[in-house]
Amino acid sequence: MIKTSNTCRLVISISGNGTNLQAIIKACATKKFLATVVGVISNKSHAYGLQRAQNAGIPTYVVDHRDFNSRTEFDAALKEVIDELNPSLVILAGFMRILGGELVEHLLGRIMNIHPSLLPNYPGLNTHIQALKDGANEHGATVHFVTSKLDSGPIILQKRIPIETNDTPQNLAKRVHQCEHKIYPRVISWFADGRLKLLKDVVYLDGNPIDNRHPS
Ligand code: GRF
C-alpha cells in the first residue's frame, strides 16, 4: 500500500461508514495516483470506516470528543495525532465535528471536506430533505477547502445531478454519494500532483484561479 516516500501523505478523518474513505483507498491503489493514506482518525470508536482502513492495512486512531471537556481540548488532541502523521493533506470524509479556528488555521490550504449539496446551497445537515422540500431541480456534491466557517470554504469541484420527480431523500442520497466517490479522488489527485493550491481564499488549478461562481 505505501508507495514511495515522496507521494502525498493523506490523513483521513471520519465519523461513520467511510464509503468516501473506501473510494480514496481504492484510488490510492492505482499506479498513477500519487497519494497514500497514512492514517485514519475517527471521533467514534465504532465507525465502520475504521474497519475499512484496517482491512487495507492503514493505521487507525480514535480521538473521541466525549473524552474532552471542551472543543479546544479535543482539537488539541486531534492536532497532536494529525501532526504526528505529518500529512500533506487532511481529508474530512463524513467527519461530523466542527473544527475550531486555530486548528483550521494550522491546516489551511491542506485540509478539505466533501459536502452532500451544491454549496452554498444547504450547508449543514439534511441536505437531501431540504433540496426536495424546496422543489430544487438539481442537487449534487461539493469538495471545498476547509475554513473556519462551516461548509463555506473555497469551492474546488462540484458535481451536479438532476432531481427526478419521484426522488426520495434515500435514493437522492445514494446518487449524491456516487458523485462524491468520483469527485473526491479526482480532487485529491490534483492536489497530489501539485496542480491544486489555495492562495488567499482563491483556489488555483494549474496556476489558474477556479471560478467559484460557476464551478462545474
Ligand atoms: C457524505 O455524504 C459526505 O458528503 C458527508 O458525510 C457523508 C459521509 O459518507 N460529509 P461516508 O461515511 O463517506 O459514506
Task: Search result, residues across the stretch 58-108 that are surrounded by fewer than 20 Cβ atoms within 10 Å (Cβ to Cβ) and on the phi > 0 side of the Ramachandran plot - done: 86
- [ ] Inspect the stretch 17-24 for any residue being in contact (Cβ under 8 Å) with a residue 40 or more places away in the chain and farther than 22 Å from residue 190 by Cα and give the result as yes or no.
- [x] yes
Open item on the list: Step by step: first the residues of the stretch 1-57, then only those that are away from the ligand (no atom under 14 Å from the Cβ), among the aliphatic types (A, V, I, L, M) and in a loop (DSSP other than H, G, I, E, B), then the one that is least open to solvent (accessible area, probe 1.4 Å). Which residue is that?
Closed with: 56
Task: Criterion violated by residue 122 - all others in (1) open to solvent by less than 80 Å² (accessible area, probe 1.4 Å); (2) free of Cβ contacts under 8 Å to residues at least 12 places away in the same chain; (3) away from the ligand (no atom under 13 Å from the Cβ) satisfied - done: (3)
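Which residues, counting only those in the stretch 164-197, are among the hydrophobic types (A, V, I, L, M, F, W, C) and open to solvent by 30 Å² or more (accessible area, probe 1.4 Å)?
So in the stretch 164-197, the residues among the hydrophobic types (A, V, I, L, M, F, W, C) come out as 172-173, 176, 179, 183, 187-188, 190-192, 196.
Selection gives 190, 191.
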Open item on the list: Suppose the filter is within 16 Å of the ligand (Cβ to nearest atom) and more than 29 Å from residue 75 (Cα to Cα); does residue 171 pass it?
Closed with: yes
Open item on the list: Checking residue 105 against (1) more than 25 Å from residue 177 (Cβ to Cβ); (2) under 16 Å from the mean Cα position of the chain (by Cα): exactly one of these is not met. Which one?
Closed with: (2)
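The values are calculated or read from the model by the stated rules, or taken from the named source; none is laboratory data. Keep in mind that this is a model prediction, so the values were computed, not measured. All Cβ positions, glycine included, derive from the backbone under ideal geometry; neighbour counts span all protein chains shown. All accessible areas refer to the heavy atoms of the entire protein, side chains included, with ligands and DNA or RNA removed. Shrake-Rupley method; radii C 1.70, N 1.55, O 1.52, S 1.80 Å.
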